[in-house]
Amino acid sequence: MTTLLRATGLWKSFGEREVLRGVDVDLAAHDVVALIGASGSGKSTLLRCLGLLEPIDDGLIELGGEDISDPRVNANRVRARFGAVFQHFNLFPHLSVLDNVTLASRVVHRVPRAAAEDRGRELLQRVGLADKAREHPDRLSGGQQQRVAIARAIATDPEVLLLDEITSALDPELVTEVLELVRQLAADGTTILMATHEMAFARDVADRVVFLDGGRIVEQGPPAQIFGAAREARTREFLARFTA
Ligand SMILES: Nc1ncnc2c1ncn2[C@@H]1O[C@H](COP(=O)(O)OP(=O)(O)O)[C@@H](O)[C@H]1O
Ligand SMILES: [Mg+2]
């Protein structure tokens, strides 16, 4: 298996606080990797650093064999190779659902409007929101908005999809529809790195689970190992809080 995304020795501080302390992580194409860990362990920072949304202090990030942590790379060009969805949907409130989905294709990738909209409608169909193309985001439920955010993130055919606790801000009854969509994307072969507190989902869908604690990877492995037979006491202690 060839590595698609690899980080080696990532260090990141905010002021005096070391948030990532020598993180190594890699994803092969089509991998689905769940990033778990307590609040403040550095999950979001890691995702943001990998996607070049946050500068690193030290380390190496490679995407498709290219050193994207080299300060000479065109960061905007690299960012366009990732799709990202965050806890808060961050849709543009003044744009229609369809315009939200097609904006990056049209502006960053210079796809003509008609082609971008054809593809946008296809994506909305795929996320079950074909009938919402002309609505504004505030007319949609949180779960629907998050599905639009996912459609937007995959509209440019990103090489890696970064998902940061995308169901954490949703009412419980809206979580399933979003997780089902992620499950579909995973089944379709999308390469996904997702920070999540949905342990049952991670167990079900991830190929690998990475446990982050205090800015270090304590343990990683297949879900059956992490959830069933974790080697490290800290992993077991963390997981015990979810099953208590
Ligand atoms: N932009 C920032 N400025 C200062 N501190 C930050 C910033 N982003 C994150 N942190 C700090 O980094 C630590 C890890 O945060 P984060 O990566 O958000 O963890 P997680 O996503 O696992 O909850 C926290 O202590 C947080 O307060
Ligand atoms: Mg976070």
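Every read-out reported here was derived from the displayed coordinates using simple, explicitly stated rules and does not represent laboratory data. Since this is a predicted model, take the numbers as computed values, not measurements. Quick reminder, even Gly has a Cβ in these numbers, built from the backbone with ideal geometry, and neighbours come from all protein chains shown.
Largest first and in whole Å, the equivalent-ellipsoid semi-axes of region 81-161 read 17, 15, 11, each the square root of five times a Cα gyration tensor eigenvalue.
If one takes the longest principal axis of the Cα atoms in the chain, at what angle in degrees, from 0 to 90 and to the nearest 10, does the Cα axis of helix 97-107 lie? Compared with the principal axis, the helix lies near 80 degrees.
The label-point distance for Ser168 and Glu18, in a model that sets each label 7 Å from Cα toward Cβ, rounds to 2.3 nm. Phi-derived couplings, Karplus 6.51 cos²θ - 1.76 cosθ + 1.60 at θ = phi - 60°, listed residue by residue for region 64-70: x, x, 9, 6, 8, 8, 5 Hz, with x used for Gly and Pro. Name the residues of region 23-65 whose amide N is less than 11 Å from a point 7 angstrom out from the Cα of Phe242 along the C-beta direction? It comes to 34-38, nothing else. Helix 113-126 axis versus longest C-alpha principal axis of the chain: approximately 60°, rounded to the nearest ten. Note that region 101-214 shows a convex hull volume over its alpha carbon atoms of 125 Å³ per residue.
Close amide-amide hydrogen proximity is noted between Val108 and no other residue 5 or more places distant or on a separate chain, at a cut-off under 5 Å (H modeled in the peptide plane; Pro and chain starts excluded). Relative to one another, the C-alpha centroids of region 175-204 and region 141-170 are positioned 11 Å apart. Net charge dipole, region 170-244: roughly 460 debye, given to the nearest 20, about the Cα centre with Cβ charges of +1 for Lys and Arg and -1 for Asp and Glu. Where both bridge residues fall in the chain, DSSP classifies roughly 55% of the beta bridges as antiparallel. The slack in the chain from His136 to Gln225, taken as 0.36 nm per residue of separation less the alpha-carbon distance, amounts to 27.7 nm. In this rough spin-label picture, where each label sits 7 Å from Cα along the Cβ direction, the His197-Leu103 distance is 2.8 nm.
Here the Debye sum runs over all C-alpha atoms of the chain as equal scatterers in vacuum, and log10 of I(q)/I(0) at q = 0.15, 0.16, 0.17 Å⁻¹ comes out as -1.06, -1.19, -1.31.
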